[in-house]
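Structure first, commentary second.
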Amino acid sequence: MNYMRRFLSILKYTGLTLAAILLLVFVGGFLFTSLSPQFGGSPTEAQVASYEKSGHFEKGLFVNNTPTSMEMDWPTIKTLLRDYVVGVPNLAPENLLPVLKVDSLSIVNRPDTLTRLTWFGHSAFLLEMEGKNILLDPMFGDSPSPVSWLGSHRFTEGLPIEIEQLPAIDAVFFSHDHYDHLDYESVMRLKDKVKDFYVPLGVGAHLVAWGVAEDKIHEMNWWEETTHENLQIVCTPARHFSGRGITNRFSTLWGSWVIKGTYANIYFSGDSGYGPHFKEIGQKYGPFDAALMECGQYDLRWHNIHMLPEETAQGAIDLNAKVMMPIHWGAFVLALHAWKDPIDRVTKEAAVLGMPIATPKIGERLIVGQPDFPMERWWDSLN
């Protein structure tokens, strides 16, 4: 009898201890997500009320134009868990990827008629256009997560040019608020040298929380047009989702961008599943001299929010692009495919479709409008 009492007592206190640990973990997680600045801010009640007029805001959440389910059934979850446990070969390169360095003086002294694109890996770019310096999804951190020690790490050491070496930035464009596109540390290091920020609806709340002056932030709806001096700016649709925490999915809008000047017309896809929006954008604002197209971090189980490489090439055709460049690869492990798969598959499909494709190294400049754009298969020699 005494043994039974002792056993029940041990069970009781073990249960209490586990409950206390779970409570501490829950409270700690809640405080971390509530108080840590990396998670950003939230739109005001007045802003949320205004989103009702956007045309794609239902029951307090933004929605895609094309019906897009985010649900996963239990068999799908089981296969995902199995794949994570078993692993996929060559998820990351064995050695650091090469990075070509950019001299800040070459940015300052370029001709205004020259349009150049410099890839930083993943979806981050420096766009030099009409005498202006523009950054696209400048995620310059080492890990696409709230804290640097969590998640995958960048495939390169250093960037083509460090933030502190960049000259004044005329405009920054963000496609949505996921960590691999909107990075807290990068914004904190950049914000004092940026003139204007262009973001989809709701994303400005994060920038305000991080100390960016409100008069620098321009929130835009899909199909909304504006100008940045002599550039035409259009926020265009994408098929994706948003959110930086457990409870704020779909609370801000996601999108793509058209940036058109006198000498070049650029399309930046952000993140997107394939859909009819590409053809619609191409009909309204094409042809494009260069289309920067998402290609990577895909899976058949979520291809409605991240295109497969073959869809990426078709999307560029739909847009009426003169040349496409695959992005959203070459920096982080965010999906269960070998790191070379995106570029191998998209170059093969582009050849089939007759879609010209540029494949610059990280830091190598793509001069828009010139026929001899980078096409070297530089990744073939890497493991």
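Below is a table of values for the structure above.
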| read-out | value |
| --- | --- |
| Within the range 78-105, tally of residues that are assigned to a loop (DSSP other than H, G, I, E, B) and either open to solvent by 50 Å² or more (accessible area, probe 1.4 Å) or more than 30 Å from Lys260 (Cβ to Cβ) (or both) | 15 |
| Matching residues, the range 224-233, being open to solvent by 60 Å² or more (accessible area, probe 1.4 Å) and assigned to a strand (DSSP E or B) | Glu224, Glu225, Thr227 |
| Checklist (1) buried (at least 23 other Cβ atoms within 10 Å of the Cβ); (2) on the phi < 0 side of the Ramachandran plot; (3) of a type outside the set (A, V, I, L, M, F, W, C) applied to Lys284, failing item | (1) |
| Residue in the range 172-182 that is crowded, with 21+ Cβ neighbours inside 10 Å, more than 21 Å from Asn248 (Cα to Cα) and not aromatic (Phe, Trp, Tyr) present | yes |
| Residue among Glu157, Glu128, Glu164 that alone is within 27 Å of Ser272 (Cβ to Cβ) and charged (D, E, K, R) | Glu128 |
| Any hit, the range 193-200, residues being open to solvent by less than 50 Å² (accessible area, probe 1.4 Å) and farther than 20 Å from Gly131 by Cα | yes |
| Hey, Met307 over 20 Å from the mean Cα position of the chain (by Cα) and in a loop (DSSP other than H, G, I, E, B) or not | no |
| The range 345-370, subset of a type in the set (S, T, N, Q) and outside any helix (DSSP H, G or I), residue least open to solvent (accessible area, probe 1.4 Å) | Thr359 |
| Within the range 106-160, tally of residues that are open to solvent by 10 Å² or more (accessible area, probe 1.4 Å), closer than 25 Å to Lys260 by Cβ, out of contact with any Pro (no Cβ under 8 Å at 6 or more places or on another chain) and without any contact (Cβ under 8 Å) to a residue 60 or more places away in the chain | 6 |
| Per-region count, the range 280-291, residues assigned to a loop (DSSP other than H, G, I, E, B) and in contact with a Leu (Cβ under 6 Å, 6 or more places away or on another chain) | 1 |
| Subset of the range 32-67 (residues that are of a type in the set (Ser, Thr, Tyr) and open to solvent by 30 Å² or more (accessible area, probe 1.4 Å)) | Thr33, Ser34, Ser42, Thr44, Ser50, Thr66 |
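Table: residues versus (1) in a loop (DSSP other than H, G, I, E, B); (2) open to solvent by 20 Å² or more (accessible area, probe 1.4 Å); (3) of a type in the set (Lys, Arg); (4) in contact (Cβ under 8 Å) with a residue 24 or more places away in the chain.
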site	(1), (2), (3), (4)
Thr252	yes, no, no, yes
Ile266	no, no, no, yes
Asp271	yes, no, no, yes
Phe278	no, no, no, yes
Met293	no, no, no, yes
Gln297	yes, no, no, yes
Met325	no, no, no, yes
Leu336	yes, yes, no, yes
Ile343	no, no, no, yes
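Here's the yes/no breakdown for (1) open to solvent by 10 Å² or more (accessible area, probe 1.4 Å); (2) assigned to a strand (DSSP E or B); (3) within 27 Å of Ile169 (Cβ to Cβ):
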{"site": "Cys235", "(1), (2), (3)": "no, yes, yes"}
{"site": "Thr247", "(1), (2), (3)": "yes, no, no"}
{"site": "Ile259", "(1), (2), (3)": "no, yes, yes"}
{"site": "Tyr263", "(1), (2), (3)": "yes, no, yes"}
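The values are calculated or read from the model by the stated rules, or taken from the named source; none is laboratory data. These numbers were taken from a predicted model, which means no experiment stands behind them. In this analysis, Cβ positions are derived from the backbone assuming ideal geometry, glycine residues included, and neighbour counts consider all displayed protein chains. Surface areas here come from the heavy atoms of the whole protein model, side chains and all, with no ligands, DNA or RNA. Shrake-Rupley method; radii C 1.70, N 1.55, O 1.52, S 1.80 Å.
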